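Structure, as structure tokens:
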Amino acid sequence: MIDPIPILYSFRRCPYAMRARLAIMHSGVRVVLREVVLRSKPAALLQASPKGTVPILITPAGQVLEQSADIMRWALQQHDPGDWLAATDAHCAVDIEVLLALNDQDFKPLLDRYKYPERHAEQSQVQYRQAAEHILAGLNARIQRHGALCRDTLCLADIAIAPFIRQFAQVDAAWFAASPYPALRAWLAGIVNDPWFEPAMQKYPQWQPGDAPVVFPD
């Protein structure tokens, strides 16, 4: 009998799903990937998680993980060759939690407003960018000090935050290229240009019930 493997509902461009896939790739855990289209969510996804967001991971034991950070931790708890969880560095482990909260609670809303200023007419796009710059400056300073966000090697915080900085950089690439955050730019380039990043961004067709399983990473 073949043991079941986890099921991951994902959407390629979603930064939350992106960071979950990156952690899964790093861990070496294999999952059945079900690529969804958010405007046409499959019934199986909504049955597993009525809130209907991605990523969603269903473990072989039937546990449903609805938060991308929880999926990252779950995968890395299976195998963590780079100590991304910082199990051997209590100071870094605390920093990880601080940085995740900063990204998810403070930076992500500003990113959404910067990307879609027409939906948030209270301020201009430039004002939203300027409001986010204190966070960019703080990250840049951390990287200048440590080499990465918490230490001289990547950890969970780097991988969890990079997809959001990548989206921010793409809104106005010329501005970001000229911005006073060279350490942040080099850090982001190092992550997205690494050979393991591209497979995590591979395109898959929309999953339909009855499709043959797509194993990720393949």
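Annotation: Leu38 fulfils all but one of (1) of a type in the set (A, V, I, L, M, F, W, C); (2) touching a helix residue (DSSP H, G or I) at 6+ places or on another chain (Cβ under 9 Å); (3) at pLDDT below 95; the unmet one is (2).
Suppose we filter Ala86, Ala69, Ala101, Ala75 for residues that are modelled with pLDDT of 95 or more, surrounded by fewer than 17 Cβ atoms within 10 Å (Cβ to Cβ) and within 14 Å of Leu156 (Cβ to Cβ); which single one remains?
Numbers: Ala86 fails: surrounded by fewer than 17 Cβ atoms within 10 Å (Cβ to Cβ); Ala69 fails: surrounded by fewer than 17 Cβ atoms within 10 Å (Cβ to Cβ); Ala75 fails: surrounded by fewer than 17 Cβ atoms within 10 Å (Cβ to Cβ).
On inspection, the qualifying residue turns out to be Ala101.
Residues in the stretch 121-134 that are at pLDDT below 95 and not acidic (Asp, Glu): Ala121 only.
Applying the criterion of at least 2 residues that are touching a residue at least 12 places away in the same chain (Cβ under 8 Å) to the helices (runs of 4 or more DSSP H) found wholly in the stretch 124-182 leaves 125-146, 156-171.
Is it the case, given these coordinates, that Gln206 is within 15 Å of the chain's Cα centre (by Cα), surrounded by fewer than 21 Cβ atoms within 10 Å (Cβ to Cβ) and modelled with pLDDT of 95 or more? Let's see the steps before the verdict.
Details: within 15 Å of the chain's Cα centre (by Cα): no; surrounded by fewer than 21 Cβ atoms within 10 Å (Cβ to Cβ): yes; modelled with pLDDT of 95 or more: yes.
Criteria not met by Gln206.
The number of residues in the stretch 183-199 being modelled with pLDDT of 95 or more, out of contact with any Asp or Glu (no Cβ under 9 Å at 6 or more places or on another chain) and not in a loop (DSSP other than H, G, I, E, B) comes to 7.
Of all the criteria given as (1) open to solvent by less than 70 Å² (accessible area, probe 1.4 Å); (2) more than 30 Å from Leu46 (Cα to Cα), the one not satisfied by Pro217 is (2).
The values are calculated or read from the model by the stated rules, or taken from the named source; none is laboratory data. From a predicted model like this one, the values you see are computed outputs, not experimental measurements. Backbone-built Cβ (ideal geometry, glycine too); neighbour counts: all protein chains shown. In case anyone asks, the SASA skips ligands and DNA or RNA and just uses the protein heavy atoms, side chains included. Shrake-Rupley method; radii C 1.70, N 1.55, O 1.52, S 1.80 Å.
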